[in-house]
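Asker: Have a look at the structure that comes next, please.
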Amino acid sequence: MNMGNIIDGKALSALVKDEVRSEVQELEARFGRKPCLCVIIVGENPASQVYVRNKVKAAAYTGMDSRLIELPAEISEEELLDRIRELNDDPLVDGILVQLPLPKHINEERVIDTISREKDVDGFHPANVSGLWLGKDCIVPCTPAGIMRLIDSVGVELKGKMAVVVGRSNIVGKPVAKLLLDRHATVVIAHSRTADLGAVTRLADVLVVAVGKAGLVTGEMVKPGAVVIDVGMNRNAEGKLCGDVDFASCEKVASWITPVPGGVGPMTIAMLMKNTIHCFLSRMQA
Ligand code: GUN
């Protein structure tokens, strides 16, 4: 087998964004306005600032409208919730994204619950989460949706395969496990406290790693020929961006592997554009 093919998330995300760009033109011709994404950042977390800038840049590329709302770290929870309610009521806003994490004095759950489910482009609202788990129409969270596109891009059949997800967050681990289950994979969710993690990950035909720990998965923990998706976004000692997967050793064993940067990250943003279109259409057709 030809080992170590790299899945180019940047190239795939460019295809998706181009698709969105033509959809935006069609939607504007049909409905007389463009979809509009509103991104809120609270405080000055440098990583969040980069992510948010990239989201707004992607929106501009697709031709959709976007608004960036930068709020001070000291803003009260009630003030933030009021800003969200205003956007919920604004007929020209289709998508609302509040970048996480939030300052400690703000309850993230209350913030997520306040975003109107129709404008919840992140798919974090309880109504969308329940929709995902019950198999109803819903907004699928961006990173899990992007991971599925990456897996599909290499043409691997998921039915009957063993998928191992390392990480159990509400943003990535839990939803991607459900999406893999929907595609008839046998799914194991492992995490930081799993005993003998390597014994579990070695079972995986498809391995998704989303823990936030650099170098957690090494080559001897990967089954030869597996597809490896690295969701990690860590800084190493030199300040370089790296994933949860030790790329050098895993690349030799995997059939396909995503790099960091240039793998999952760009796909998350591309799927955010898709979700904004989805929200726009649901609202226009309601
Ligand atoms: N922080 C890390 N990932 C995400 C995401 O997908 N959406 C939001 N809103 N915040 C994040």
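Each value in this text was obtained by applying a stated rule to the coordinates, not by laboratory testing. On a predicted model such as this, the values are computed, not experimentally measured, just so you know. Cβ placement follows ideal geometry from the backbone for every residue including glycine, while neighbour counts extend to all protein chains displayed.
Asker: Where does the charge balance sit around N45 when Lys and Arg score +1, Asp and Glu -1, over other residues with C-beta under 15 Å from its C-beta?
Answerer: Values: positive: R53, K55, K104, R235; negative: E44, E70, E74, E108.
Result for the neighbourhood of N45: 0.
Asker: Among C36, C142, rank each residue by its count of other Cβ atoms within 10 Å, from fewest to most, as a rough exposure measure.
Answerer: Ascending number of Cβ neighbours within 10 Å: C36, C142.
Asker: Where does helix 173-182 land angle-wise versus the long Cα axis of the chain, in degrees 0 to 90, nearest 10?
Answerer: 80 degrees
Asker: Give me the number: length gained by fully extending T218 to K252, i.e. 0.36 nm times residue separation minus the C-alpha to C-alpha distance, one decimal in nm.
Answerer: This chain segment gains 11.2 nm when fully extended.
Asker: Note down the nm distance, to one decimal, between modelled labels 7 Å out along Cα→Cβ at H191 and at W133.
Answerer: A separation of 1.3 nm, rounded to one decimal place.
Asker: Where does the charge balance sit around V222 when Lys and Arg score +1, Asp and Glu -1, over other residues with C-beta under 14 Å from its C-beta? If you can, show how the numbers build up before the last one.
Answerer: On the way: positive: R202, K223, K252; negative: D205, E220, D230, D244, D246, E251.
So the environment of V222 carries a net charge of -3.
Asker: Let me ask something else about it. Springs between alpha-carbon atoms under 10 Å, Gaussian network over the chain: tell me which of V156, V93, V228 tops the mean-square fluctuations.
Answerer: Comparing V156, V93, V228 in the GNM, the peak value goes to V156.
Asker: A further question follows. What is the projected area of the convex hull of the Cα atoms of the chain, averaged over all directions, in nm²?
Answerer: On the way: hull surface 60.1 nm².
Value for the chain: 15.0 nm².
Asker: Can you give me the Cα centroid spacing of segment 237-286 and segment 3-77 in angstrom?
Answerer: 13 Å
Asker: Using the structure shown, list the pairs from K159/K223; K17/K161; K136/K178 with a Cα-Cα distance above 21 Å, or answer none.
Answerer: Correct reply: K17/K161.
Asker: What's the angle, to the nearest 10 degrees (0 to 90), between helix 142-153's Cα axis and the longest principal axis of the chain?
Answerer: Approximately 50 degrees, to the nearest ten.
Asker: Can you tell me the FRET efficiency between Y61 and D82 if r is taken as the Cβ-Cβ distance and R0 is 35 Å, rounded to the nearest 0.05?
Answerer: Calculated value: 0.65.
Asker: Nearest 5 is fine: what % of DSSP beta bridges in the chain come out antiparallel, could you say?
Answerer: Beta bridges within the chain, antiparallel portion: roughly 5 percent.
Asker: Any chance you could give the angle, 0 to 90 degrees and rounded to 10, that helix 9-31 forms with the longest Cα principal axis of the chain?
Answerer: The angle comes out at about 30 degrees.
Asker: Using just the helices of the chain, give the 222 nm mean residue ellipticity in deg cm²/dmol: DSSP H runs with n ≥ 4 each add -39,500 (n - 2.57), and the total is spread over all residues, rounded to 500.
Answerer: For the chain, the value works out to -13500 deg cm²/dmol.
Asker: Calculate, in whole percent, how much of the Cα-Cα pair population of segment 134-233 lies beyond 19 Å.
Answerer: The proportion of pairs with Cα distances above 19 Å equals 35 percent.
Asker: Roughly how many nanometres apart are two label points built 7 Å out from the Cα toward the Cβ at R33 and L71?
Answerer: According to this spin-label approximation, the distance is 2.2 nm.
Asker: With label points built 7 Å along Cα→Cβ from the Cα atoms of S169 and E26, find their separation and express it in nm.
Answerer: 3.3 nm
Asker: A further question on this structure: Nearest 20 debye, what's the magnitude of the dipole of the chain about its Cα centre given +1 on Lys and Arg Cβ and -1 on Asp and Glu Cβ?
Answerer: 660 debye
Asker: Could I ask something else about it? Normalized C-alpha radius of gyration of segment 66-122, against 2.2 N^0.38 Å?
Answerer: Scaled against compact globular proteins, the figure is 1.05.
Asker: Once you sort the root eigenvalues of the Cα gyration tensor of segment 1-121 as a ≥ b ≥ c, which label holds: rounded (a/c under 1.5), prolate (a/b larger than b/c) or oblate (the other case)?
Answerer: In terms of gyration-tensor shape, oblate.
Asker: Once the piece of chain linking A199 and R53 is laid out straight, how much longer is it, given 0.36 nm per residue of separation minus the C-alpha distance between them?
Answerer: Extra length from A199 to R53 when fully extended: 48.6 nm.
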